[in-house]
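The values are calculated or read from the model by the stated rules, or taken from the named source; none is laboratory data. Quick caveat, the model's predicted, so the values are computed rather than measured. Here the Cβ positions follow ideal geometry from the backbone for every residue, glycine too, while neighbour counts run over all protein chains shown.
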């Protein structure tokens, strides 16, 4: 079952985006493209570096087989332009003249040095919104520093909060959670700022320049850690599988009978106690929690450690799925710690149409992708097309901006496109 | 004079806890008039988010200020720039007033479990009778549709269920997970993405719609390359050597992808001088030239000249010895000094920064004004978290903090919606505009008297 009408245009239909973005900003561009914007990815003639990042289809390294590139570039079009040549820069300017948004992730100062700064690019296109997403922003002492996903999670505070109790790791090494989330955090904020500018332009007609920093986006993404320090002076310490705290808190990641875990943290209160105990009792594992004294919020608070221990003991006897569904049906906001391996079979998300099959005609197959986070009944968020081949849309995009067939042939002969 | 980008947009904010309020926080920063409808009844677990945190080690109440519903620093930051009105949506009069606000709003957003708002008479269909083009954003964990829609989540369970938790940690230990509710922060991001994107659709077509966000689905999209390795290549991520901690490949296991980016070595955290919990720095050399530059920064030690380290393949194969050599060098340096020396020679390195480091010791964030102070009516002036963007045409400073509870009752209820002062006074007693179980705040009565004197 899917509740979206696949023939409807997306919410960003009619918006043209030029994406000159690498690993830093490709996620932002993907969101725009899956929302229906016409996102034109400008690549160098051999393709962007992200095409060299694995995993690869059938483990064969090839710029057209990178699953990393596939995921982050769905629904976009690709044009190759050699920006090292003046003719390429002129072409890029013409392309940007046709755009609503330019999303770029070049090192600070690089585009202006090529004659492609905001003032130049907006001269013919005063409504242009130019979003520069860079590791540290366009100003400040670190603006030219190198970064990676690991380094952003380090400086941004994610690692200071993630890791192990001393009993699990005596070194308590800071851990950088995987998945490339430093770039996700930057891209989420870049998207929000850019849409804010677009909505403003709908009213005023005026474009503007946005200087967005991945470092600042990461620094904003540790929930209470910063306010806690600002208001109390307390600094959190790492704990296994749960919120870091300024003082130790009880474990919440519970081992299950099938060798997995259930996260049962944060959420016990008087209203939840009764159905939870009833469920535990039905499995013969409520112990003394059936005592009427546990109806009293003060007792629940005071006996928190004991209650947790009883829950852990029961959960240790059953499977992660049994604990997850049983706990949820008793009203607890628990979650089984699942691997990505468990996800494609998930009946709930399949029912929501969340894993669309995306066709790859070159290999004659379709693959399940993670789809849209939200269902938009009137303007679907969806994957329109697999990621583009290198320069796949060069000729048609150039045709759209007035480059005729003979001019195109000349550009190609000169190695500009 | 400049306006903020969303000047003229109004948001009826029925969110609570963290993910929803973080979404509307950024709508307020962008200039929307965010009206936070509150019902500060402690029995609801602090449904407004004004709960005084009772878990030791987790709070943000200044130690020298008595805990009240207006004293939590976390709340002050999370609700900056919003307006607050107190009313009970589960009374006929409260519901009527919510609908009056709705009639003059562009967006309504809520993050209750699926079905809760419908049961109060505030479902989407009901709302479109009041405001046909309303944008209604729901952000439940499992969304509004699907067999598990009734399930309840919080940040940590979203992370667990989506696979994000299991992407964090080292082999042969439990998942390390995320040391905060990453998916409350990021669920909030998707909440505002939902609002902004639907506003653009409305600007183009005139149509509103009900955006059905699932926070778990949003989290799953963040595991994309791992999922594609499974759906395309059939490779599970529940495998030996995965997740590989801070490295791109765990030593002694096949060189497979970690879904963070390219293979690299060194790629790890190293202890630095000082011996503190966060005296660590990270170094990541993405190619041979960055590695050679690091060798130079380390003073060209003999061990590093070994040919086995000259190539990425060799460095990945000999990571244990490589990391031990770097660790022996790093332990004598302050983490900021290590970063400066490395970056001066083009080696990617950063300190592991705590919250304290970011606020007090990070010259980049200071130069960019990330924690410039702002005022709150009762707490005074404190550093606030600012936007991670500079907008040239429509600046978005976070120039004041959260409203106190009911701060805007007079302008919203009396001056705008036409509630009489007598009705408001009675409503403060009869569970319409203030919970009967909670003593009325004196500032609300004073504001009421003042409003009377002014009229």
Original post:
Residues of segment B:399-418 being in contact with a strand residue (DSSP E or B) (Cβ under 6 Å, 6 or more places away or on another chain), crowded, with 22+ Cβ neighbours inside 10 Å and closer than 20 Å to residue B:30 by Cβ, which ones?
Top reply: B:401, B:403
Subject >> Residues (in a loop (DSSP other than H, G, I, E, B), touching a helix residue (DSSP H, G or I) at 6+ places or on another chain (Cβ under 7 Å) and farther than 30 Å from residue B:336 by Cα) located in segment B:369-403 >> reply: B:379, B:394, B:396, B:401, B:402
**OP:** Mind telling me which of the residues B:202, B:271 ends up being in the same structural domain as residue B:323 (by TED's automatic domain parsing) and either surrounded by fewer than 23 Cβ atoms within 10 Å (Cβ to Cβ) or under 30 Å from residue A:11 (Cβ atoms) (or both)?
**Re:** B:271
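Conditions tested, residue by residue: (1) more than 30 Å from residue B:204 (Cβ to Cβ); (2) assigned to a helix (DSSP H, G or I); (3) touching a helix residue (DSSP H, G or I) at 6+ places or on another chain (Cβ under 9 Å); (4) at pLDDT below 90.
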site: B:52; (1), (2), (3), (4): yes, no, yes, yes
site: B:58; (1), (2), (3), (4): yes, no, yes, yes
site: B:74; (1), (2), (3), (4): yes, yes, yes, no
site: B:77; (1), (2), (3), (4): yes, yes, yes, no
site: B:93; (1), (2), (3), (4): yes, yes, yes, no
site: B:97; (1), (2), (3), (4): yes, yes, yes, no
site: B:118; (1), (2), (3), (4): no, yes, yes, no
site: B:143; (1), (2), (3), (4): no, no, yes, no
site: B:146; (1), (2), (3), (4): no, no, yes, no
Original post:
Pick from segment B:133-153 the residues that are surrounded by 24 or more Cβ atoms within 10 Å (Cβ to Cβ) and at the interface with chain A (Cβ under 7 Å from one of its Cβ atoms): which of them is nearest to the chain's Cα centre (by Cα)?
Top reply: B:153
Original post:
Restricting segment A:362-380 to residues that are facing chain B (nearest Cβ under 7 Å) and without any contact (Cβ under 8 Å) to a residue 12 or more places away in the chain, which is nearest to residue B:229 (Cα to Cα)?
Top reply: A:367
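From the list A:77, A:51, pick out the single residue that is more than 8 Å from every other protein chain (Cβ to nearest Cβ), within 27 Å of residue B:227 (Cα to Cα), out of contact with any helix residue (DSSP H, G or I) (no Cβ under 6 Å at 6 or more places or on another chain) and in contact (Cβ under 8 Å) with a residue 60 or more places away in the chain. Lay out the reasoning, then the answer.
Working: A:51 fails: out of contact with any helix residue (DSSP H, G or I) (no Cβ under 6 Å at 6 or more places or on another chain).
It is A:77.
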Original post:
Across segment B:282-308, what is the total count of residues that are without any contact (Cβ under 8 Å) to a residue 40 or more places away in the chain, out of contact with any helix residue (DSSP H, G or I) (no Cβ under 8 Å at 6 or more places or on another chain) and surrounded by 13 or more Cβ atoms within 10 Å (Cβ to Cβ)?
Top reply: 2
Original post:
Across segment A:244-273, what is the total count of residues that are assigned to a helix (DSSP H, G or I) and more than 10 Å from chain B (Cβ to nearest Cβ)?
Top reply: 1
Original post:
Residues of segment A:164-179 being out of contact with any strand residue (DSSP E or B) (no Cβ under 8 Å at 6 or more places or on another chain) and either surrounded by 24 or more Cβ atoms within 10 Å (Cβ to Cβ) or facing chain B (nearest Cβ under 7 Å) (or both), which ones?
Top reply: A:177, A:178, A:179
Original post:
Of everything in segment A:192-228 that's at the interface with another protein chain (Cβ under 7 Å from one of its Cβ atoms) and in a loop (DSSP other than H, G, I, E, B), which residue is farthest from residue B:393 (Cα to Cα)?
Top reply: A:224
**OP:** For segment B:380-405, enumerate the residues that are more than 16 Å from the chain's Cα centre (by Cα) and within 8 Å of another protein chain (Cβ to nearest Cβ).
**Re:** B:382, B:383, B:390, B:391, B:392, B:393, B:394, B:396
**OP:** Look through segment A:56-73, keep the residues that are surrounded by fewer than 24 Cβ atoms within 10 Å (Cβ to Cβ) and touching a strand residue (DSSP E or B) at 6+ places or on another chain (Cβ under 9 Å), and return whichever of them is farthest from residue A:382 (Cα to Cα).
**Re:** A:62
Original post:
Within segment B:217-258, can you find the residues that are part of a loop (DSSP other than H, G, I, E, B), touching a residue at least 40 places away in the same chain (Cβ under 8 Å) and at the interface with chain A (Cβ under 7 Å from one of its Cβ atoms)?
Top reply: B:222, B:223, B:237, B:238, B:243, B:245
